[in-house]
C-alpha cells in the first residue's frame, strides 16, 4: 500500500512539473506584465513607472538588467546564465508569473484594476531581444498615435500607413503637435540601474530603436 501511495505521489509531482515550462540556463527572457484598469490610466501610469524602477532593486537574487514601461505594461529583461546555473525559481513559468502578478497586485490600488496578466518570452540571443523590443517600442508609438487621435486614427490605419503619414494625419486632422508630445508617451521608458563611482542610481531613456544601431542598444540592454 505504501509503495502504491509513493508511486502515485511521484506520478502527480511528475505530472505537475511536466505541465510547467522551465527556462533553460542559456536563454534570455522577458517577463511582460499587463495591467487592466477599470478606467482611463492617465494617473495610474505614474504608478507603473514607479514599480518599473523599484523592480530593479527589489530582489538581488532576481534583478532584471533593464525594465521598460509604456501605457499599461511593464517588461523586464533577464540575462542567460552559465552552464549548471538555474534561473530564479528554477525558471518556472508558472512560479515566475505568479510572483510578478502578486507584486503588481500588492503595489497597485485593487479598486482601480480589473486584472493583471503575465507572459514570459524566451530568446536565444541578445539580437533577438533587441528585435523584440524594437517591435514593442514601435507598437507603443502606434498606440500613442491612436490614443491621441481621439479614434480618428484606427488600428487598421496603423497597418496601412507608415508612421510618418500617421503623424502627419495626427497633426493636420487632430491638431496634435507630435514634437510637443512627451517622449515617454511616444516611445515608452527604459530604466536601468547604473553605478557612478560608489553610488547606484537609476537612469532612464526614451527613444525609437533604430535597427541600424543595434550594437548601441544591445550594449545598453546587456552592458
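Quick note: the coordinates plus some simple rules give every number you see, no bench work behind them. The model shown is predicted, which means the values in this text are computed figures rather than measured ones.
With N counted as the residues of the chain, its alpha-carbon radius of gyration over 2.2 N^0.38 Å works out to 1.19. Contact order, relative form, for the chain: 24 percent (alpha carbon pairs under 8 Å, 6 or more residues apart, mean separation divided by residue count). Taking the square roots of 5 times each eigenvalue of the Cα gyration tensor of the range 147-216, largest first, gives ellipsoid semi-axes of 33, 15, 10 Å.
Out of every Cα-Cα pair in the range 117-164, what percent are more than 17 Å apart?
Tail of the P(r) past 17 Å holds 47 percent of the pairs.
With the convex hull of the Cα atoms taken as the outline of the range 56-123, the averaged projected area works out to 5.3 nm². In the calculated pair-distance distribution of the range 101-193, the portion above 23 angstrom amounts to 44 percent of the Cα-Cα pairs.
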